[in-house]
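To start, the structure itself, in structure tokens.
The values are calculated or read from the model by the stated rules, or taken from the named source; none is laboratory data. These figures come from a predicted structure and were not determined experimentally. Positions of Cβ are backbone-derived with ideal geometry, glycine not excepted, and every protein chain shown enters the neighbour counts. Please note that ligands, DNA and RNA were not included when accessible areas were found on the heavy atoms of the full protein model with its side chains. Shrake-Rupley method; radii C 1.70, N 1.55, O 1.52, S 1.80 Å.
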Amino acid sequence: MTIELSDAILGAAAVPILLVALDFDGTLAPTVDDPATARALPASAEAISRLSAMPSTVVALVSGRSLEGLRLVADVADEIILVGSHGAESRVMGNESTPELTLDERTLLDELCAAIERVAAGFAGARVERKPSGCGLHTRLSSAADAESARRAALDAVQGLEGGHHVSERYGKDILEFTVRPADKGSALAWLRDLSSASAIVFIGDDVTDEDGFRALAEGDVGVKVGPGDTAARFRVDSPAEVGELLARLADERQKAPVETSRTT
Ligand SMILES: [Mg+2]
């Protein structure tokens, strides 16, 4: 951890209300071939459970996974907010909220997912993940050439749908996602900031979809990108293991900090 990042963590640990927003895959959990087996590293799991038990400290997992998919792999207490589908779904204090699609959107979603399924069937290693308001074409197990062809075929297929212009697409690591209800981590963080009245946000993520989140941060917030690649984040760490160290440090410092709720700034 650089001195600058260490200082930023110290600063965040001392704010009156702290929001710790974390991507899941590739950030808390190392990336694995079978997404159902992804688990947060023990150091990170312990740190977020400690943080969420502290006063004036809110922890949220913000993922591109469906809320259901995130709930299963994250396996965290109700105090931890879950945000799924890049912000389209959430669980706050155990109350789940998923998008209510109109009939038109529902029909379009069915056609969309059927089209993507047909594309995926033509490429080795490609698989489709259905979400409440969209579906994703995963190509982690495909060759680079197949992944590229599958993505192009999927874009063409969506363009060919009658309601195709109502579909938004989003690229992530080894995934191309389509949705009839666009959402992004930037608006998810803005919503969480309001919800928690946070004085500062610590946001950590590894994927290109996390860039919307980094761009939504303000002065006093701490954005940390995991791994290589262009980023709008101010800080960077190398791996989920380093995220674990960072979160443990944040929890230690926040525990030591004077009672936050009594502060005015
Ligand atoms: Mg990720």
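Some observations on this one:
- Computed over the range 103-179: relative contact order in percent, which uses C-alpha pairs under 8 Å that are six or more apart: 31
- Accessible area per residue for the chain, computed on protein heavy atoms with a 1.4 Å probe, is 46 Å².
- Put a plus charge on the Cβ of each Lys and Arg, a minus charge on the Cβ of each Asp and Glu, and nothing anywhere else: the dipole of the chain about its Cα centre is then about 320 debye.
- The range 91-133 and the range 185-223 have Cα centres separated by 25 Å.
- Karplus 3J(HN,Hα) series, Hz, for the range 216-225 with 6.51 cos²θ - 1.76 cosθ + 1.60 (x for Gly, Pro): 7, 7, 10, 4, x, 7, 10, x, 10, 8
- Residue 148 accessible area, 1.4 Å probe, all protein chains in place, Å² to nearest 10: 80
- Rolling a 1.4 Å probe over the protein heavy atoms leaves residue 75 with an accessible area of roughly 130 Å².
- Solvent-accessible area, 1.4 Å probe, carbon plus sulfur percent, for the chain: 51
- For the range 91-235, the equivalent ellipsoid derived from the Cα gyration tensor has semi-axes of 30, 21, 12 Å, listed largest first.
- Considering only the chain, percent of DSSP beta bridges that pair antiparallel, nearest 5: 50
- Exposure rank, largest accessible area first [23, 110; 1.4 Å]: 110, 23
- Selected from 14, 115, 77 as most flexible by GNM, with the chain as the system and alpha-carbon contacts under 10 Å: 77
- 3J(HN,Hα) along the range 44-58: 5, 4, 5, 5, 6, 6, 5, 4, 5, 7, 7, x, 6, 9, 10 Hz, from the Karplus curve 6.51 cos²θ - 1.76 cosθ + 1.60 with θ = phi - 60°, whole Hz, x for Gly and Pro.
- Relative contact order of the chain, defined on C-alpha pairs under 8 angstrom at six or more residues apart (%): 26
- The residue 32 and residue 72 beta-carbon pair, evaluated with R₀ = 22 Å, returns a calculated FRET efficiency of approximately 0.95.
- Between amide H atoms placed 1.01 Å from N, distances below 5 Å from residue 221 occur with 201, all of them 5 or more places distant or on a separate chain.
- Mean separation of Cα contacts under 8 Å (6+ apart) over length of the range 1-112, as relative contact order %: 19
- To the nearest 10, the accessible area of residue 1 is 100 Å² with a 1.4 Å probe.
- The packing ranking, built from the mean of other Cβ atoms within 10 Å per residue, places the peptides 95-107, 175-187, 157-169 in the order 175-187, 157-169, 95-107, highest first.
- J(HN,Hα) series, the range 103-113, from Karplus relation 6.51 cos²θ - 1.76 cosθ + 1.60, nearest Hz, glycine and proline x: 4, 4, 5, 5, 4, 4, 4, 4, 5, 4, 5
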